[in-house]
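Read the structure below first, then the notes.
What follows draws every value from the coordinates through simple rules; no lab data is involved. Since the model is a prediction, treat every value here as computed from it, not as a measurement. Using ideal geometry, Cβ is built from the backbone for each residue, glycine included, and neighbour counts are taken over all protein chains shown.
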Amino acid sequence: MAVLAPSVLVVALAVGAAPTRAPRAPAKPAATKAAAPEAAKQLEPLVPAGQRAKVAVLELSGLGITDIAKNLEQYLRNSIATIDGFQVLSAVDVQMALQDPKNRAVATCGGGVDCAIRVGKTVGADVVVIGSLTGLGEAFSLNLRAIDVNRNRELSRYQATVSGRDKLIPEVRLAAYRLVAPDRIRGWLVVELDVPGATVEVDNQAVGTTPLEKPVENLTPGSHLVVIKHPAYALFKQQVAIRPFEPTRLTISLESPPK
């Protein structure tokens, strides 16, 4: 495994500004809450309650696109750092530990899960993230793995193919959550209906009457059943796909009930 090289990265210019720290998930508009249809995937606790898990993001390999890979590597660190309960070790601290002559064998261990575990134990990390970014034209493939150092095993992995550099930033942001906090990924629903007084239900739970003043939040990505009830109109039902960290808009036109 190559020793990490210090990087002076202008992330805001190259691939977008780094996220600000959030207590649980990226900030969204205040919203009406709805329960998720089923429990989101949740990883085992990495450290005892009340402690923050230390994460080391190792150098992402980027064949032919080294500069982009380095920028995304830094953005991945910043994204994980915004997640409550995690502390990201700086690239400089990891580099200094691996450059210590006594750690030479670890610094050159060659990559892979076993090597990542050795690096993690050397630098004092609970989780080590390794991976690569490959690109051909405007098509990019992102492959990341999170390694649980304390349990000596792979914790999670994330693979995605995107078209266009502008898609890389949101994909890396999503990858950060998928790798270490998948249970905190949420989206929200905006219901657009010009009929007042209709009851809105999401997954069999009433969330308000139209016009809704706020989006319906706290929805896990995936399909959710939306039901609209109004005594003067036919019942409306539709499965709606919620996207992670994005608003999903549902524009509805109610029909008159059958005679």
For Val123, the net charge from surrounding residues (Cβ-Cβ under 9 Å; K, R +1; D, E -1) works out to +1
Please go through the residue pairs Lys54/Lys167; Lys54/Lys214; Lys70/Lys121; Lys102/Lys167; Lys167/Lys214 and name each one whose alpha carbons sit more than 32 Å apart in this structure.
-> Lys54/Lys214; Lys102/Lys167
Total charge of the residues flanking Asp93 in space, meaning their Cβ is under 13 Å from its Cβ, with Lys and Arg +1 and Asp and Glu -1, is +1
Enclosed volume per residue, in Å³, of the convex hull spanned by Cα atoms of segment 187-251 = 74 Å³
For Thr161, net neighbour charge (Lys/Arg +1, Asp/Glu -1) across residues whose Cβ lies under 12 Å away = -1
Under a point-charge model restricted to the Cβ atoms of Lys and Arg (+1) and Asp and Glu (-1), what is the dipole moment magnitude of segment 101-178 relative to its Cα centre, in debye to the nearest 20?
-> 280 debye
Pull up the DSSP beta bridges for segment 49-184 and report the antiparallel fraction as a percent, rounded to 5.
-> 75 percent
Cα coordinate range in segment 49-184, projected on the principal axes (Å, largest first) = 42, 34, 24
